[in-house]
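Just below is one structure, and these are the notes that go with it.
The values are calculated or read from the model by the stated rules, or taken from the named source; none is laboratory data. Here the structure is a predicted model, which means the values were calculated and not measured. Neighbour counts run over all protein chains shown; Cβ positions are idealised from the backbone, glycine included.
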Amino acid sequence: MAVYNITNSSCSKKDHSYKTIAIQTDTSYLDNTVYPNIDTAYCYRVIAYQNPPGQDSSVSNRACAVLPSKVFVPNAFSPLNQDSLNDIWKVSSLSVYNAVGNKIKSFSAKVFNRWGTLVFESDDLNRGWDGKFRGKNLPLDVYLYIIDAEGIDGRQIHLKGNLTIVN
C-alpha cells in the first residue's frame with residue numbers, strides 16, 4: 001500500500017514552494033481549503049511513498065487549477081440620493097487582478113459622458129466611481145463604460161455598455 005503526500009502552492013508564487021495539505025492512502029482528494037480565496041490559482045503535486053515510509057518515493061507532475069475569469073458590471077447606481085445604497089459604481093470580478101495591487105494581470109475601466117468626455121478612469125479594480133467629475137456631481141443620465149481586463153487564466157476581457165445614474 002502507498003501513502004500519498006498531497007501538496008499545493010499558489011501559482012502566483014515565483015518559487016512554487018509547496019506545502020503539505022493532506023497525507024492519506026486514498027487516491028482521490030478534494031481540497032476544501034481554496035474556497036476562501038477563489039481568486040488564486042493553485043497548483044498541486046502528489047508524492048507517493050512506498051509503505052513503510054523511508055522506502056522509495058515518486059513525485060507527480062505539477063497540475064494547476066485556474067478558475068475562469070469573469071467581470072461583473074452594474075448598469076446603474078444612485079450617488080445623488082445619499083441613502084448609502086448603490087452610491088458607488090464598482091466593477092466586481094472573479095480571477096482578475098489589477099496592476100495597482102501588484103498582482104499578475106491587468107484591469108482598466110473608463111466612463112464617458114454622452115459627448116465623449118472621459119469622466120472617470122481607473123486601473124484599480126478596488127476603486128469605484130462616485131458619480132463626480134472634477135469634484136461636481138454629474139446629472140442623472142446614461143454614460144458609456146469601457147472595461148479592459150486580463151484574467152489569471154489569460155482570457156482577454158473587453159466590455160462596453162451603458163451605465164445610468166439614477167435617483
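Summed over the range 30-65, the residues that are surrounded by 13 or more Cβ atoms within 10 Å (Cβ to Cβ) and at pLDDT below 70 give a count of 5. Looking at this structure, is Asn81 modelled with pLDDT of 70 or more, exposed (fewer than 14 other Cβ atoms within 10 Å of the Cβ), in contact with a Gly (Cβ under 8 Å, 6 or more places away or on another chain) and in the same structural domain as Ser92 (by TED's automatic domain parsing)? When the stated conditions are applied, Asn81 does not pass them. Return the residues of the range 130-154 that are farther than 15 Å from Phe72 by Cα and touching a residue at least 40 places away in the same chain (Cβ under 8 Å); say none if nothing qualifies. Within the range 130-154, Asp130, Gly131, Lys132, Asn137, Leu140, Ile152, Asp153 meet the criteria.
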